[in-house]
1. Could you grab me the full set of residues in the stretch 118-127 that are crowded, with 16+ Cβ neighbours inside 10 Å and assigned to a helix (DSSP H, G or I)?
2. Has the stretch 56-74 got at least one residue that is within 16 Å of residue 109 (Cα to Cα), surrounded by fewer than 16 Cβ atoms within 10 Å (Cβ to Cβ) and out of contact with any helix residue (DSSP H, G or I) (no Cβ under 6 Å at 6 or more places or on another chain)?
3. Looking at (1) surrounded by 12 or more Cβ atoms within 10 Å (Cβ to Cβ); (2) in contact (Cβ under 8 Å) with a residue 24 or more places away in the chain, find the lone condition where residue 206 falls short.
4. Which of (1) more than 27 Å from residue 93 (Cα to Cα); (2) surrounded by 17 or more Cβ atoms within 10 Å (Cβ to Cβ) does residue 158 not meet, given it meets every other one?
5. Give 222, 151 a once-over and let me know the one that is free of Cβ contacts under 8 Å to residues at least 24 places away in the same chain and within 27 Å of the chain's Cα centre (by Cα).
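Values quoted throughout were computed directly from the atomic coordinates according to the rules given, and no laboratory measurement underlies them. Remember, it's a predicted structure, so these values are computed and weren't measured experimentally. Backbone-built Cβ (ideal geometry, glycine too); neighbour counts: all protein chains shown.
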């Protein structure tokens, strides 16, 4: 009986007393090697590899799959979750065409992690040409760019990368830039004569000047260290591109960055508090308005709180 026939048999004979996940673990290594993973349903695949705190056994079983089948399964949307994407072996990762994966898949494969040692080791398996193509296609996050190994970086053509990506490799390190990046508008809300008003307090940085100086020096040293590891050609390509503004980001926003993000609250106020207060409208208005608030959500909810307290 072939592996596919074995799985069909296991699926068709599954009972409540004998779950499918447990039965799929009965497949032998030779059967797993012959299995066409890309032809399985997502549900079957998830039953085959349910989440487990210790994934050692699953990694050993997963290593039996042909790399081409793993690639096809990912592109077909069968293999999508972080747990299962983390099961890929080094040979499977080496053969993976990263440039063909979606940004969402890469985010699931390498979600942000405070300790990135394991991610760096996995990412180092990718071919440099595939990493370059993924960068060109703007598929890598800032966290993922930091995972790129020195060996991979030495083969990157920086001359054709968007400015945004160059800035990910070499972040701005001036104290003024860091102060702006880590500052927020110190707004509070007050009720005056029955009206909710914004009490503007200006921008406030979460770090002291001493800490900003320390952060600036640290980033500068990191940038210089990376630059020294690159080839003369790469350094020449970067000479006029270091620490430049990302025009694409600036053009994508028409809001004055020197002003607080408060426009959405006009919508929130007009569509919520200007009408008669009621429990049904409260829930609907809040959910609908939240879609427009984005990064201003917390300030918006403070507005709700201030008005409700007044009522």
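1. Correct list: 119, 122, 123.
2. yes
3. Of (1) surrounded by 12 or more Cβ atoms within 10 Å (Cβ to Cβ); (2) in contact (Cβ under 8 Å) with a residue 24 or more places away in the chain, only one is false for residue 206: (1).
4. Condition (1) is where residue 158 drops out.
5. 222
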